[in-house]
Each structure stands twice: as C-alpha cells, then as structure tokens.
Amino acid sequence: MNHKIAFICDLHLDEKNPEIYGVDPKKNWKQILDDIKQRNINDIIFGGDIGASTAYAWFFKSLEPFNYEIIMGNHDTYQDASNYYRRGIDKSVLFFSKNLAGYKFIFLDTSAKVLSKNQLIWLSEELRTDLKIVIFIHHPVLGVDTPIDSKHPLQNRNEVLKVLAASQKNIDIFSGHYHMNDERIYGKVRQVITLSSVFQVIKEADEIEIDASFFGYRIITFGEESISSETVSI
C-alpha cells in the first residue's frame, strides 16, 4: 500500500525577506495545510527554515492536526525548537532516524551549514541497513548549476557524499534551501529539491533572482518498490 507524505520547506516566518517581496508566509502556510487536508494527507515532513524563533509557537500549534517530523535549516536552531519538538540523541543538534513502510528515514541537521562530525559518524552507521534509505536534509548534497549553490552550499558536502557513496546503497535525498525544483542523480544517489513555501529563486539566472508569483510543496509517495513525487504549485 502506498504511503503519502507532504514535504514542505523554507517558510521563513517573521523574517524580513518575504515582506520585501510582498509575501505573507502565514497566509501561504495556511493555504498549503488546507490543500494537504483536502488531499487526505496526514503526514508532513518540514524541510527546514521555519524562520524566526518568535514564530515557533504559532508554527508548531498549526501542525497539531497532523503527524509530523521536522529538520533544521540554516535559519533555525534546535535549542529554540526543542521547546516544542524533541527528537534524537543530541540536545543541541537534531538528527534521528525512523522506519516506515519498509524504508529507513534519516533526518539530518545542517543548521550550522555543515553536517557535524558526530552526524557523519552516526550517518555512516545508520546506512548499514537492509531497508531502503531516504534522507531528509535541508541543504542539498549534490551541486546544482545555479548562483545560490555557489554562494550558500552545504560547506562539507563532499564529505557527506563520500559517506553516502561508501555505503554502496541506493539513496534518495529530499532537500530544500535553494527555493527551486531540481532533480539529479550521481551514482546511486538521487537528490530532489523542493520549492519554497514563500518565494522561489530562478535557477537559470546569472545572479540570485526572486520569483514571488507562486509557492508550493511536494507530495512524496512511498510504494513497496519505488518512490515517486510530484510538485504542488499554488
């Protein structure tokens, strides 16, 4: 039986940038949650960049009707989020795993713009499994030919990729951070980047350019043998 999860990222609540571009993140968020409800999807994974800590209480309250998990982005701190949401084995960094529908979900924390040494060691151990592996991480691991990739990448992504490649496993990665859709494969690693829930960054531009005309999220379907996903644009 297929299992559907809504993957949503880059909300940036109570921050200046959405307001500069005429975007109301709370309004967008409510529209996304309404759309998810109408599709009878009960599970959400938020892919990082909740926004300012002043919005955390409102954000986590809005998720109460759903089953949800969270990863931290570079605009987030687990120290603040842990007042509302606690997972994992570290009090300062949010990383953990769970098994669902024949898959092993691995949740990583790149709030420091790197994957910490402790996480790299832990990740290597977690990859020793017979389950199909899915990684949720805010920063993309595979490079993308776009200006935001050169200016704001995961700083030790080559180290992360080495750990993934050494496992010799087929691995699916779902990320955000770049505010755009992108999908690419390197060896046995497939990476899917998801739209922002506030505004997008134009991938093909020469410099970082913003398109605030739409927002969206991703629906990921986990089947017995394969994973598929689709973009929902609003």
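Take every Cα pair under 8 Å whose residues are at least 6 apart in sequence, average their separation, divide by the length of the chain, and the relative contact order is 21 percent. Roughly how many Å is it from the Cα centre of segment 43-58 to that of segment 94-126, as a whole number? Taking the Cα centre of each part, segment 43-58 and segment 94-126 sit 19 Å apart.
With the simple model of a label 7 Å out from the Cα in the direction of the Cβ, Q168 to Q155 spans 3.4 nm. Available extension along the chain between D34 and I89 is 16.5 nm, counting 0.36 nm per residue and deducting the alpha carbon span. With K and R counted +1 and D and E -1, the other residues having a Cβ less than 14 Å from that of V232 yield a net charge of +1. GNM on the chain, alpha-carbon springs under 10 angstrom: the most fluctuating residue among G176, G22, G73 is G22.
In the chain, the DSSP-assigned H stretches of four residues or longer account for a calculated mean residue ellipticity at 222 nm of -6500 deg cm²/dmol, using -39500 (n - 2.57) per stretch and the full residue count as denominator. Distance between the modelled labels on H3 and F66, one decimal in nanometres: 1.6 nm (7 Å Cα→Cβ projection).
Helix screen, the chain: DSSP H segments with Cα axial length of 15 Å or more and mean Kyte-Doolittle hydropathy at least -0.5 are 157-167.
Checking the cross-link pairs K30/K132; K104/K169; K4/K30 against a 22 Å limit on the alpha carbon distance flags K30/K132 as lying beyond it. Counting Lys and Arg as +1 and Asp and Glu as -1 over every other residue whose Cβ lies under 13 Å from the Cβ of A212, the net charge comes to -4.
A full extension of the chain between A112 and A57 corresponds to an added length of 17.6 nm, given 0.36 nm per residue minus the alpha carbon distance.
By definition, a body whose alpha carbon gyration tensor gives a ≥ b ≥ c is oblate when a/c is 1.5 or more and a/b is not larger than b/c, and segment 78-169 fits this oblate description. For K98, neighbours were defined as the other residues whose beta-carbon sits under 10 Å from its Cβ, and their charges (Lys and Arg +1, Asp and Glu -1) total +1.
We did not get these values from a lab; they are worked out from the coordinates using the rules stated. A quick note: this is a predicted structure, and the numbers were derived from the prediction, not measured. Cβ sites come from the backbone with ideal geometry, for glycine too, and all protein chains shown count toward neighbours.
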